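Scroll down for the structure; my scribbles are underneath it.
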Amino acid sequence: MIPKIETCLRMMDEYGMLENIKEHSKVVTRVAELIATGFVKRGEPINIDLVVTASLLHDIAKTQCLDSRCDHARVGGEICRSHGFDLIADIVAEHVLINSNGSSPITEKEIVYYADKRVNHDQVVSLHDRLDYILERYGRNDARRHESIIKNFHKCRQLEKRIFAYLDFLPDEVPVLLRAQSGWVV
């Protein structure tokens, strides 16, 4: 089952999502929706509603995991599953580290994963800029985590190439296209 946007927004409040994390999630949603819409326009079978709701809920457990250092992707997946949102749960659970073979058609899970990597706080940035932030925030003083982050972003760069091979705009154009949009509801 895919929830309505209003349900996602209510869940953000119910699970105590901090305002800055809500704003991050909304911008991730806009990026993901832009990309998903581009795929649909090309006739690709992407479920835009699934992309939008999974993007809104991708950090549903981030606030509660800030102090306890729990795995917010795993816990977020469990939260979504507990509400009967199994499709969303699978996407949320892999939005930090994705299991993707890189050869099949682009999926909703890959779109949400990629969109999250393009948003730093509430700003759309390049993968390079986001990597710099993630390394500073989470990879400093931990060589193994640093290396894991580098590998994850290498995978994301490969995904970026696959995504934009299908679209009629480039990665650098995403912020411009989002600024040009009007009437976005969230």
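What follows is calculated from the coordinates using simple rules that are stated; it is not laboratory data. Computed from a predicted structure; not experimentally measured. Cβ coordinates were reconstructed from backbone atoms using ideal geometry, including for glycine residues, and neighbour counts include every protein chain displayed.
Structural remarks
- Euclidean distance of C-alpha centroids, segment 49-71 and segment 1-37, integer Å: 9 Å
- Computed from the C-beta positions of THR37 and LYS151 and an R0 of 45 Å, the FRET efficiency is 0.90 to the nearest 0.05.
- Applying 1/(1 + (r/R0)^6) with r as the Cβ-Cβ distance of ARG144 and ARG69 and R0 = 25 angstrom yields a FRET efficiency of 0.95.
- Amide H contacts under 5 Å for ASN120: VAL125, restricted to partners 5 or more places along the chain or on a different chain, H placed in the peptide plane at 1.01 Å from N.
- Ignoring lysines fewer than eight residues from LYS161 along the same chain, the ones with Cα atoms less than 19 angstrom from its Cα are LYS41, LYS109, LYS117, LYS151.
- Mean projected area in nm² (Cα convex hull; one quarter of hull surface) for the chain: 10.2 nm²
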